[in-house]
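The values are calculated or read from the model by the stated rules, or taken from the named source; none is laboratory data. Computed from a prediction, not measured in an experiment: that's the story for all the values here. Note that we place each Cβ from the backbone using ideal geometry, even for glycine, and neighbour counts take in every protein chain shown.
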Amino acid sequence: MKRRTLLKATAALPMAGLAGRLWAAPGAGNSRLLVVFLRGGYDALNLLVPVASKYYYEARPNIAIAAPAAGGGGAAPPNPNAALPLDADWGLHPALRDSIYPLFQQGQAAFIPFAGTDDISRSHFETQDTIELGQAPGAGRDYRSGFLNRLAATLGGPALSFTDQLPLIMQGGLQVPNMTLRNLAKPAVDQRQSGVISAMYQDTALAAQVREGFSVRAEVLREMAGEMEAASRNAIAAKGFELEARRIGRLMKEKYRIGFVDVGGWDSHVGQGGANGYLADRLGELGRGLAAFAQEMGGDWRDTAVVVVSEFGRTFRENGNRGTDHGHGSAYWVLGGAVKGGRLAGEQKRVEAATLFQNRDLPVLNEYRAVFGGLFARMYGLGSAQLEQVFAGAKARDIGLL
């Protein structure tokens, strides 16, 4: 292999080296956490629709989601393109009718509007870094310390990042493996190349970690072998997030207690669509994947929490291209068998022109470190000193998610 290919293939191996060792997790019990990051800043206002706001419909004449009563009444059938009713003020995008909405009705899904960070740069990379690092604002950034790594280190529990490269959120003192679950039928490094790389490290300080890194990779491939063999020509028949979510479910159910996955394609400046179209398709795929993950977890779903976040929301008003631009406040999803769902959680205010942040975006009333801190305290019984290790300087806020 060329030197560049070799370096790329081996770059993550030291991080994967400790993956085969099962860490004790006395504080975590059987709790499992999956964080899903929607990269690109998804439009939370068309996911969690402020159906009681007249201003929402004025500001979005082409892309707004109709209120639940629109198109219905009397003996007429309900409007299939209308928002699904959550409460008097909010509705859910109809693309989630058969996936997330049933979980909400069963009390296993909650939504947190007005959620996000204090970062007002409206830069994808800046704000993604802010969230993943989870460090105190204004304190300087340590790019080698992500908050899920600090959580895993505090708990002493096994974690895995389901990504091509180790993300910032999993960087840190605890060595966490990463592995993409896409295209497993065609691994980037085959068995012969694995042997060559292992031989290169023989009799070196990294030999054991390299062997163990390849062992973790081989274990995942073996676990998926039955699925691959059932498909024609040894290829995966289905594509998209749903298939990956099922794989994540199997691995977390059997071994890992903390997981992270990111999903791209949420930057909708042009042709976003409303009840149908680009955003609706993305939400539909995401919803089916999360529902599949819940199904795959089986009885362990009762001990699982899934938190869906994005770097920021979108502008309240649609733009001239029937899309939305970079905004501020977003909406988080929290799913799980033990979640106190069927409701909107956290601080809220009326959605109208006067309450917009900088006259363009939803404000942030539920700061992400406080929300995650409160969730971790409930999930793992973490005290103030332990929470300080995860989110230095943050005041955890219990908004009753568990």
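The table that follows gives values for the structure above.
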read-out: Any hit, the range 95-113, residues being touching a helix residue (DSSP H, G or I) at 6+ places or on another chain (Cβ under 9 Å), closer than 25 Å to L356 by Cβ and part of a loop (DSSP other than H, G, I, E, B); value: no
read-out: Residue within the range 120-134 that is within 15 Å of R369 (Cα to Cα), out of contact with any Asp or Glu (no Cβ under 6 Å at 6 or more places or on another chain) and part of a loop (DSSP other than H, G, I, E, B) present; value: yes
read-out: Per-region count, the range 79-96, residues more than 20 Å from the chain's Cα centre (by Cα) and either surrounded by fewer than 15 Cβ atoms within 10 Å (Cβ to Cβ) or under 16 Å from L283 (Cα atoms) (or both); value: 9
read-out: Among residues of the range 252-261, those that are surrounded by fewer than 20 Cβ atoms within 10 Å (Cβ to Cβ) and within 17 Å of the chain's Cα centre (by Cα), counted; value: 0
read-out: Qualifying residue in the range 350-364 (condition: farther than 28 Å from P85 by Cβ, in contact with a helix residue (DSSP H, G or I) (Cβ under 8 Å, 6 or more places away or on another chain) and of a type outside the set (A, V, I, L, M)); value: yes
read-out: Candidates A44, A19, A11 - the one that is at pLDDT below 95, buried (at least 17 other Cβ atoms within 10 Å of the Cβ), closer than 30 Å to P167 by Cα and among the hydrophobic types (A, V, I, L, M, F, W, C); value: A19
read-out: Filter pass, G298 being within 23 Å of the chain's Cα centre (by Cα), at pLDDT 95 or above and either acidic (D, E) or buried (at least 17 other Cβ atoms within 10 Å of the Cβ) (or both); value: no
read-out: Among the candidates G284, G259, G249, G277, residue that is of a type outside the set (F, W, Y), under 21 Å from E311 (Cα atoms) and out of contact with any strand residue (DSSP E or B) (no Cβ under 7 Å at 6 or more places or on another chain); value: G284
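Per-residue answers, yes or no, for (1) buried (at least 23 other Cβ atoms within 10 Å of the Cβ); (2) touching a residue at least 12 places away in the same chain (Cβ under 8 Å); (3) within 26 Å of A139 (Cα to Cα):
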residue: D303; (1), (2), (3): no, yes, no
residue: F316; (1), (2), (3): yes, yes, no
residue: G329; (1), (2), (3): yes, yes, yes
residue: L335; (1), (2), (3): yes, yes, no
residue: L365; (1), (2), (3): no, yes, yes
residue: R378; (1), (2), (3): no, yes, no
residue: A392; (1), (2), (3): no, yes, yes
